[in-house]
Amino acid sequence: MAAIDVRKDFPILKRKVHEKKLIYLDSAATSQKPIQVINTITDFYKNYNTNIHRALHTLSDEATTLYETARKKIASFINANPEEIIFTKNATEGLNLLAFTFGKDRVKENDIILVTEMEHHSNLVPWQQLAKQQKAKLSFIPVTAEGKLDLETAENLLKQKPKLFAFTHVSNVLGTINPAKQLIELAKKYNVPTILDASQSVPHMPVDVRDLDCDFLVFSGHKMLGPTGIGVLYGKKQHLQNMNPFLTGGDMIKEVSYTETSWNDLPWKFEAGTPPIAEVIGLGAAVDYLQKIGMKSIQDHEQELTAYALEQLQKIKQVKIYGSQQEQIGVIAFNLADIHAHDLATVVDEEGIAIRSGHHCAQPLVEKLGVPATARMSFYIYTTKKDIDKAIKAIKKAKKVFKL
Amino acid sequence: MTAEEMYQEIILDYYRNPKNFGTMQHPTVAFRDSNPSCGDIIEMQLEIKDESIRDIKFLGKGCAISIASASLITEELKGKNIQEIKNFNKEKVLKLLAIPISGIRLKCALLALKAVKMAAYNYLGENND
């Protein structure tokens, strides 16, 4: 794919920051949105807006069709069935839904919940809190010095039969692509259900839930060209059927009396209240856009950019890069000498370049790297080598500012 | 505002060689605060005798702005009466820093102030609101 061809679809890339052209290298936090997605959302509010699954009028019929068509698109995008696709607010909500339903019913006193040391807070805090509530134990697969998961320890921990195993597909700090399929196979050997946080993989590479054979998978729409406020939880049908609802109220019911309620069919059992209709339809448009380019092409593009950026960063002597620099995609964490990442980000921002600084919502992992914070650049379909060149130039300028 | 204006020699010097950085054995009062969005942490420790701040130290990790600010605050408050912290405010800290601070970096500049005020109010047995 040629990033230069898609850039025209992203209106925000035309704006200036500090009188310089915006270079957006923070796509791992949230992606920019193409005009096709923006127009789809506007079009919905202009021409179709009403509530869904309710009235019999034409608008409601059309809006419901748009909403459910988007679900089908998203399901097919990750090779799932539409009834296995639950819309949530974001990946965080998907993980909380699992902790409060599947997790709470399954994990009892002295049981083990298994996660890894490289989780985003969203895939750590819900399990940590569940473990506290149930008096269970939270175990961690260690991260090696190269920023990879220690697979040998992983098997030993799985042997202890944790009640569930939640882990990230791609690290949002190090960009490490974890061997998800291998880990899921290993978990299956010990009958441990798997929950995959795919927030950083679904936007950037082909993901097939049938092929991975995970029990659950979550991701956020806003990191994959879609709007904020929409996330996806995939679950195997048998699990979703057996699980209790998370939130209760309208739309998730079949029949209600003053004393009893029966639950709606899948997937609506898990979608209480009026859902984010425009956001779901917007995410459908984002999936159309991504599929037109092709996820394999996107992966190749980002892998090429990552290799290029690593090579350029390494040329700056005082730059320290974190992570393995192999099996890494779209994300690079680094620091410049003794300079705090915030200070570096401030100087780089002056050149119109947006990079992230801090702990990237993975405070324990960043602490494990032995630093208070790191800078992070992350890429997407609209990122070019020229963007990276400009970032490198800005980092070199920072060296001067900080008298390095 | 340019980066050069913000990161003047003096700020970089306070960052690389912070003043009153460390820990004391028996602080009269201490308070630790952090910025959840960035993970910066500052702990302020005060030794107070007869309402006088005999010694003040800070510990923590953060960017140049937050460390420089903490250094300057400790230098300013050492030897002062604890009651004076009540009137020690944002404007005074920004004046000590004497560099332009953009809105987004204000929380870096003011983290140490928050910590020292909380420590003082805890000592004085008053609420900070």
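The value given for the protein assembly as shown is a Kirkwood hydrodynamic radius of 25.4 Å, derived from the mean inverse Cα-Cα separation. How would the range A:35-84 be classified by its alpha-carbon gyration tensor: rounded, prolate or oblate, with rounded meaning a/c under 1.5 and the a/b versus b/c comparison settling the rest? It comes out oblate by the Cα gyration axes.
Projected label points at B:Asn81 and A:Lys46, each 7 Å from Cα along the beta carbon direction, are separated by 6.8 nanometres. Taking a point 7 Å from the Cα of A:Lys368 along the Cα-to-Cβ direction, the residues of the range A:290-332 with backbone N closer than 16 Å to it are A:322-325. Taken one residue at a time, the phi angles of the range A:292-300 give Karplus couplings (6.51, -1.76, 1.60, θ = phi - 60°) of 5, 6, x, 5, 5, 4, 5, 4, 4 Hz. Gly and Pro are set to x.
Take each residue in B:33-46, count the other chain C-beta atoms within 10 Å of its C-beta, and the mean is 3. Bridging of A:Lys137 to lysines at a Cα separation below 18 Å is possible for A:Lys104, A:Lys108, A:Lys159, A:Lys161, A:Lys163, once same-chain residues fewer than 8 apart are set aside. Counts of other chain beta carbons within 10 angstrom of each beta carbon in peptide A:340-351 average 6.
Considering all different alpha carbon pairs of chain B, the Kirkwood hydrodynamic radius works out to 14.6 Å. Each 10 Å bin, from zero up to the one with the longest distance, holds this percent of the alpha carbon pairs of the range A:38-292: 7, 30, 34, 20, 7, 1, 0. Among the listed pairs A:Lys33/A:Lys397; A:Lys14/A:Lys269; A:Lys400/B:Lys95; A:Lys403/B:Lys90, those whose Cα-Cα separation exceeds 32 Å are A:Lys14/A:Lys269. Exposure proxy ranking for B:Ile42, B:Ile85, based on other Cβ atoms within 10 angstrom of each Cβ and starting from the fewest, stands as B:Ile85, B:Ile42.
With neighbours defined as other Cβ atoms within 10 Å of a residue's Cβ, the residues B:Ile101, A:Ile339, B:Ile11, A:Ile12 order from fewest to most as A:Ile12, B:Ile101, B:Ile11, A:Ile339.
Where a number appears in this text, it was derived from the coordinates with a stated rule and is not lab data. Please read these numbers as outputs of a predicted model, since none were measured by experiment. With ideal geometry, Cβ positions are generated from the backbone for all residues, glycine too; neighbour counts draw on all protein chains shown.
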